[in-house]
Amino acid sequence: KANEKSDGLIRTFNALLMIARAESGQARDNMTDFDAAEVAHGIHELYEPLAEDKGMTLAVAADTAAIHGNRELISQALANLVENAIKYGQPVAVSASADANAAAKSPDILIEARRHGDNVLLSVTDHGPGIPEADRQRAVERFVRLEASRTQPGSGLGLSLASAVATLHGGDLRLADGQPGLCVTLVIPSRGVEQKTV
């Protein structure tokens, strides 16, 4: 129990540190060119066993999408979105036969990476209860945990970090209805943020 608490504190501290780095712009020093699809596939490989342990299917659909940014922070932000989907995105229970048909049609969680105009979209969609539209802005705030998530362990920093990472890159974080579920998208300009010169 004590170990779990200290692990939780370390995770919270690390998340706050990453948010601080993103918000201060320090992380711009480590920006490189990379393929967002590789990040999506890497996160899928990392989290697929955890999803399976929870009885969920995790899939990835990624097209080559060149991006200029901080690979570590974008990877961490996407990982947070997948962790949230595994924790809170359990599909709403339906009858066993309908459930089997639904599982055959679409995965419980889908990670996507694609180019859209001048942006790269990295999104995670689940088929869980979702977040009501009225709560979506508040859900991104630091340490906010909505009523439905209070029974699960967590610090309320996952979406906050993802939002800070998007802002650092000149983009934003969008929460939308997954019909059913939640679709969270990191919108990142493919060329990154222009460096300001004095």
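Quickly run through region 174-191 and pick out the residues that are closer than 15 Å to H116 by Cβ and either touching a Ser or Thr at 6+ places or on another chain (Cβ under 9 Å) or modelled with pLDDT of 90 or more (or both). Break it down stepwise before answering.
Start the filter on region 174-191 by keeping residues that are closer than 15 Å to H116 by Cβ, which leaves 174, 176, 183, 185-191.
Across region 174-191, the qualifying residues are R174, A176, C183, T185, L186, V187, I188, P189.
Given (1) under 17 Å from V165 (Cβ atoms); (2) at pLDDT 70 or above; (3) open to solvent by 60 Å² or more (accessible area, probe 1.4 Å); (4) among the aliphatic types (A, V, I, L, M), identify the lone condition not met by L17.
(2)
Answer yes if at least one residue in region 90-105 is at pLDDT 70 or above, among the hydrophobic types (A, V, I, L, M, F, W, C) and touching a helix residue (DSSP H, G or I) at 6+ places or on another chain (Cβ under 6 Å), and no otherwise.
Taking region 90-105 first, the residues at pLDDT 70 or above are 90-92.
Those still in the list that are among the hydrophobic types (A, V, I, L, M, F, W, C) too: 92.
Now narrow it down to the ones that are touching a helix residue (DSSP H, G or I) at 6+ places or on another chain (Cβ under 6 Å): none.
Checked region 90-105: no residue is at pLDDT 70 or above, among the hydrophobic types (A, V, I, L, M, F, W, C) and touching a helix residue (DSSP H, G or I) at 6+ places or on another chain (Cβ under 6 Å).
Has region 147-156 got any residue that is crowded, with 21+ Cβ neighbours inside 10 Å, at pLDDT below 95 and not hydroxyl-bearing (S, T, Y)? Write out each step before concluding.
From region 147-156, those crowded, with 21+ Cβ neighbours inside 10 Å are none; that's our starting set.
The answer is no, given that none of the residues of region 147-156 is crowded, with 21+ Cβ neighbours inside 10 Å, at pLDDT below 95 and not hydroxyl-bearing (S, T, Y).
Which one is modelled with the lowest pLDDT, of the residues in region 58-76 that are open to solvent by 60 Å² or more (accessible area, probe 1.4 Å) and either in a loop (DSSP other than H, G, I, E, B) or among the acidic types (D, E) (or both)?
So, considering only residues that are open to solvent by 60 Å² or more (accessible area, probe 1.4 Å) and either in a loop (DSSP other than H, G, I, E, B) or among the acidic types (D, E) (or both), the one modelled with the lowest pLDDT is E72.
Quick test for you: out of H169, H116, H127, pick the one residue that is modelled with pLDDT of 85 or more, within 19 Å of Q76 (Cα to Cα) and of a type outside the set (D, E).
Among H169, H116, H127, only H169 is modelled with pLDDT of 85 or more, within 19 Å of Q76 (Cα to Cα) and of a type outside the set (D, E).
The values are calculated or read from the model by the stated rules, or taken from the named source; none is laboratory data. Since this is a predicted model, take the numbers as computed values, not measurements. Cβ: placed from backbone, ideal geometry, glycine included. Neighbour counts: every protein chain shown. Only protein heavy atoms, including side chains, enter the accessible area calculation; ligands, DNA and RNA are left aside. Shrake-Rupley method; radii C 1.70, N 1.55, O 1.52, S 1.80 Å.
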